[in-house]
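Step one of this worksheet: look at the structure below.
The values are calculated or read from the model by the stated rules, or taken from the named source; none is laboratory data. All values reported here derive from a predicted model rather than from experimental measurement. Cβ: placed from backbone, ideal geometry, glycine included. Neighbour counts: every protein chain shown.
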Amino acid sequence: MKVIKEKHPLLMRWTHWVNFPILTIMIWSGLLIYWANDTYTFTIFGVTFIRFFPQGFYDALHIPKRLAEGMAFHFLFMWFFALNGFLYVMYTIISGQWRELVPNRHSFKEAWLVVLHDLHIRKMAPPQNKYNAAQRIAYTAIIVMGFGSLITGLAIYKPVQFNYLAWICGGYHLARIWHFVLTIGYVLFFLVHVVQVVLAGWNNFRSVISGFEVIDEKPQPVIQIQNDETNQKAE
Amino acid sequence: MKLTKKLNKVFSKNKGPKKELNVEQKITRRNFISFGSFLVLGSAAYGGWRWLYTSPEEVAGITGEAHKPLRAVLNANEKVVRQLYSNKNLVKTYPKAMAAKVVRHNSDIGSEGLVDVDAWKLSVKKSSGEVLNIGIDEIRKLPKTEIIYDFKCVEGWDQISHWGGVKFSDFIAHFKLDAETEFGYVGMETPDKEYYVGVDMPSAMHPQTLLAYEVNEKPLPPKHGAPLRLIIPVKYGIKNLKRIGSINFSNNRPRDYWAEQGYDYYAGL
């Protein structure tokens, strides 16, 4: 029998989807700014592995010579980014949803099992409530990263007025590097996230828009088994 | 529970006997509402973005070349930031050993070629109409202040550099320009008027703002703005005008080279 199981509250769905275009615009306008001084490289022992970014990449996205425009967009959408993140965090705390989100003492061990399962090395998936252990870690980390972008961003934006923030970030120069690294982190997160969502399938994807999942529940046995394992997969 | 049942009965009266939706119907109904609003609001968001992205450029004036709504936001941000501004917030300073030996040079606009330092005069236009013409030796006699700080360019690079000169506030006091500090802005221009900046008075009077005549303890070379340049650590490099020719005071924003080209007028740090 089909049963509706509530999953994502409205506000969490909306802040999720609102964040998507805002973050996209922040990354794009950030690129317009970064282009003006594209000096960051990934270098180990004098060998440069990555240089951000190839000219073709800039040209394809019409990035060059738009610093002023990039700053103007960045300093508008920063407000929306902060406000949206604030709403999500406040709601998560007040509603108690944080209990489903923040890693607990089992999460770090279980997350490893989730990874093994997802890589088809281990057959059994660890128990899953709303989020599994790997999701708890990933989704909490992304919120911490968002907060990091806000702090490093403010440190870059007004390094003299917010000199204590610049100090926390290890100075203006380092704050800019953290800000950049976090952005690379979002892009990597996004890639894994999309792959996982595709693998998890329609039921899971729909729940982030409609809020619920549909599960096939077997008729209730007379004797209720205590540790009811609804082993639905979700990412 | 009883009450809601009763209410349900009352409201469903007009629609005939109330039929409880089955699971399939509930799913369809909720999906329709959710995906429908997702589509509608998503389209509205896209429309909003297109409106902003294709919004007209502002009318060229003191500021120019920015999308009209974005310029309004830059100006609004300035209002917020000015609330946070304090002359007690100082830029971090560094030991002399950390100062760059080769100081980066980005632009020559208004300070190309050589300058005849002996013939050079700084002209200060007072509100009374009187103009002071001040030679570099007279400025060098004033109390000297040095600063080693992280110079920040709007492009994104920064460099620890060592500057020496007279505090702008000491300069004001020495030449009895206190009345001029009642104005909202200081304007500075190069002798050829090719480069010009406007700085709000609080930032100009910041204790770390210098009229600098030295870099790394030597007189400024022409490319760094000989004989006198502005070093204003609470602003991006674009406001640190080289080779100052004239200083004026006003309540309206003085013209500003980069603000005319889409940049934030305030450009504060």
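Does segment A:151-163 contain at least one residue that is within 14 Å of chain B (Cβ to nearest Cβ), within 19 Å of A:SER29 (Cβ to Cβ), among the aromatic types (Phe, Trp, Tyr) and crowded, with 17+ Cβ neighbours inside 10 Å? Show your work before the answer.
Within segment A:151-163, the first condition is being within 14 Å of chain B (Cβ to nearest Cβ), and the residues that meet it are A:152-163.
If we keep only those that are within 19 Å of A:SER29 (Cβ to Cβ) as well, we get A:152-158.
Keeping just the survivors that are among the aromatic types (Phe, Trp, Tyr) gives A:157.
Restricting the remaining residues to those that are crowded, with 17+ Cβ neighbours inside 10 Å gives A:157.
Yes: segment A:151-163 contains one or more residues that are within 14 Å of chain B (Cβ to nearest Cβ), within 19 Å of A:SER29 (Cβ to Cβ), among the aromatic types (Phe, Trp, Tyr) and crowded, with 17+ Cβ neighbours inside 10 Å.
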Considering (1) in a helix (DSSP H, G or I); (2) within 8 Å of chain A (Cβ to nearest Cβ); (3) at pLDDT 95 or above, say which one B:SER34 fails and leave the rest. (3)
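Table: residues versus (1) over 25 Å from the mean Cα position of the chain (by Cα); (2) small (Gly, Ala, Ser); (3) within 14 Å of chain B (Cβ to nearest Cβ); (4) in a strand (DSSP E or B).
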| position | (1), (2), (3), (4) |
| --- | --- |
| A:PHE42 | no, no, no, yes |
| A:GLY56 | yes, yes, no, no |
| A:ASP59 | yes, no, no, no |
| A:HIS62 | yes, no, yes, no |
| A:GLY70 | no, yes, yes, no |
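Search segment B:159-189 for residues being of a type in the set (Asp, Glu) and crowded, with 17+ Cβ neighbours inside 10 Å, and hand back the single one that is nearest to the chain's Cα centre (by Cα).
Going residue by residue through segment B:159-189, those that are of a type in the set (Asp, Glu) are B:170, B:178, B:180, B:182, B:189.
Subsequent filtering for residues that are crowded, with 17+ Cβ neighbours inside 10 Å retains B:170, B:180, B:189.
Values: B:ASP170: 24, B:GLU180: 22, B:GLU189: 18 Å.
Here the residue is B:GLU189.
Considering each of B:PRO202, B:PRO222 in turn, give the residue that is over 29 Å from B:ARG71 (Cα atoms), surrounded by fewer than 22 Cβ atoms within 10 Å (Cβ to Cβ) and in contact with a Ser or Thr (Cβ under 9 Å, 6 or more places away or on another chain).
Values: B:PRO202 fails: over 29 Å from B:ARG71 (Cα atoms).
From the options B:PRO202, B:PRO222, the qualifying one is B:PRO222.
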Quick one: is B:ASP264 among the charged types (D, E, K, R) and either without any contact (Cβ under 8 Å) to a residue 24 or more places away in the chain or closer than 25 Å to A:ALA175 by Cβ (or both)? yes
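Could you grab me the full set of residues in segment B:45-74 that are among the aliphatic types (A, V, I, L, M) and part of a helix (DSSP H, G or I)? Reasoning before the result, please.
Let us first name the residues in segment B:45-74 that are among the aliphatic types (A, V, I, L, M), namely B:45, B:52, B:59-60, B:62, B:66, B:70, B:72-74.
Result: B:ALA45, B:LEU52, B:LEU70, B:ALA72, B:VAL73, B:LEU74.
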With the first residue restricted to segment A:190-211 and required to be free of Cβ contacts under 8 Å to residues at least 24 places away in the same chain and loosely packed, with under 12 Cβ neighbours inside 10 Å, and the second required to be β-branched (Val, Ile, Thr) and not in a helix (DSSP H, G or I), Cβ contacts under 9 Å at 6 or more apart or on different chains are none
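Condition check ((1) β-branched (Val, Ile, Thr); (2) more than 14 Å from every other protein chain (Cβ to nearest Cβ)) across all residues:
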{"residue": "B:GLU57", "(1), (2)": "no, no"}
{"residue": "B:ALA66", "(1), (2)": "no, no"}
{"residue": "B:VAL73", "(1), (2)": "yes, no"}
{"residue": "B:LYS79", "(1), (2)": "no, no"}
{"residue": "B:ARG104", "(1), (2)": "no, no"}
{"residue": "B:ALA119", "(1), (2)": "no, yes"}
Output the number of the condition that B:LYS96 fails; it satisfies all remaining conditions of (1) within 13 Å of another protein chain (Cβ to nearest Cβ); (2) over 19 Å from B:TYR185 (Cα atoms); (3) not aromatic (Phe, Trp, Tyr). (1)
For segment B:140-159, what are the residues that are within 29 Å of A:ILE63 (Cβ to Cβ), in a strand (DSSP E or B) and either in contact with an Asp or Glu (Cβ under 6 Å, 6 or more places away or on another chain) or touching a residue at least 60 places away in the same chain (Cβ under 8 Å) (or both)? B:ASP150, B:PHE151, B:LYS152, B:ASP158
On the basis of being within 9 Å of another protein chain (Cβ to nearest Cβ), in a helix (DSSP H, G or I) and either among the acidic types (Asp, Glu) or loosely packed, with under 14 Cβ neighbours inside 10 Å (or both), does B:LEU41 make the cut? yes
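Looking for whichever is within 14 Å of another protein chain (Cβ to nearest Cβ) and not polar (S, T, N, Q) here; the options are B:ASP170, B:ASP264, B:ASP178, B:ASP192. Which one fits? So that I can check it myself, show each step before the final result.
Details: B:ASP170 fails: within 14 Å of another protein chain (Cβ to nearest Cβ); B:ASP178 fails: within 14 Å of another protein chain (Cβ to nearest Cβ); B:ASP192 fails: within 14 Å of another protein chain (Cβ to nearest Cβ).
Result of the check over B:ASP170, B:ASP264, B:ASP178, B:ASP192: B:ASP264.
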In segment B:61-72, the residues that are of a type outside the set (D, E, K, R) and crowded, with 19+ Cβ neighbours inside 10 Å: B:THR63, B:ALA66, B:HIS67, B:LEU70
For A:LEU182, the lone unmet condition from (1) closer than 22 Å to A:VAL114 by Cα; (2) modelled with pLDDT of 90 or more is (1)
Selected residue [part of a helix (DSSP H, G or I) and within 27 Å of B:THR93 (Cβ to Cβ)] from A:HIS74, A:HIS117, A:HIS173: A:HIS173
Subset of segment A:72-104, residues free of Cβ contacts under 8 Å to residues at least 12 places away in the same chain and either away from chain B (no Cβ under 12 Å) or exposed (fewer than 14 other Cβ atoms within 10 Å of the Cβ) (or both), comes to A:LEU83, A:PHE86, A:MET90, A:ILE93, A:ILE94, A:GLY96, A:TRP98, A:ARG99
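Looking at the structure I just gave you, is B:VAL115 out of contact with any strand residue (DSSP E or B) (no Cβ under 6 Å at 6 or more places or on another chain), in the same structural domain as B:PRO222 (by TED's automatic domain parsing) and surrounded by 15 or more Cβ atoms within 10 Å (Cβ to Cβ)? Reasoning before the result, please.
Numbers: out of contact with any strand residue (DSSP E or B) (no Cβ under 6 Å at 6 or more places or on another chain): yes; in the same structural domain as B:PRO222 (by TED's automatic domain parsing): yes; surrounded by 15 or more Cβ atoms within 10 Å (Cβ to Cβ): yes.
Judged against the criteria, B:VAL115 is a match.
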Test B:GLU138 against the criterion of being crowded, with 22+ Cβ neighbours inside 10 Å and either closer than 20 Å to B:THR93 by Cα or at pLDDT 95 or above (or both), and give yes or no. no
State all residues of segment B:105-150 that are within 13 Å of B:GLY225 (Cβ to Cβ) and of a type in the set (A, V, I, L, M, F, W, C); if no residue qualifies, say none. B:ILE109, B:LEU114, B:VAL115, B:VAL117, B:TRP120, B:LEU122, B:ILE136
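Consider A:ILE63 carefully, then state whether it is of a type in the set (Val, Ile, Thr), in contact with a Phe, Trp or Tyr (Cβ under 9 Å, 6 or more places away or on another chain) and crowded, with 18+ Cβ neighbours inside 10 Å.
Numbers: of a type in the set (Val, Ile, Thr): yes; in contact with a Phe, Trp or Tyr (Cβ under 9 Å, 6 or more places away or on another chain): yes; crowded, with 18+ Cβ neighbours inside 10 Å: yes.
It is true that A:ILE63 is of a type in the set (Val, Ile, Thr), in contact with a Phe, Trp or Tyr (Cβ under 9 Å, 6 or more places away or on another chain) and crowded, with 18+ Cβ neighbours inside 10 Å.
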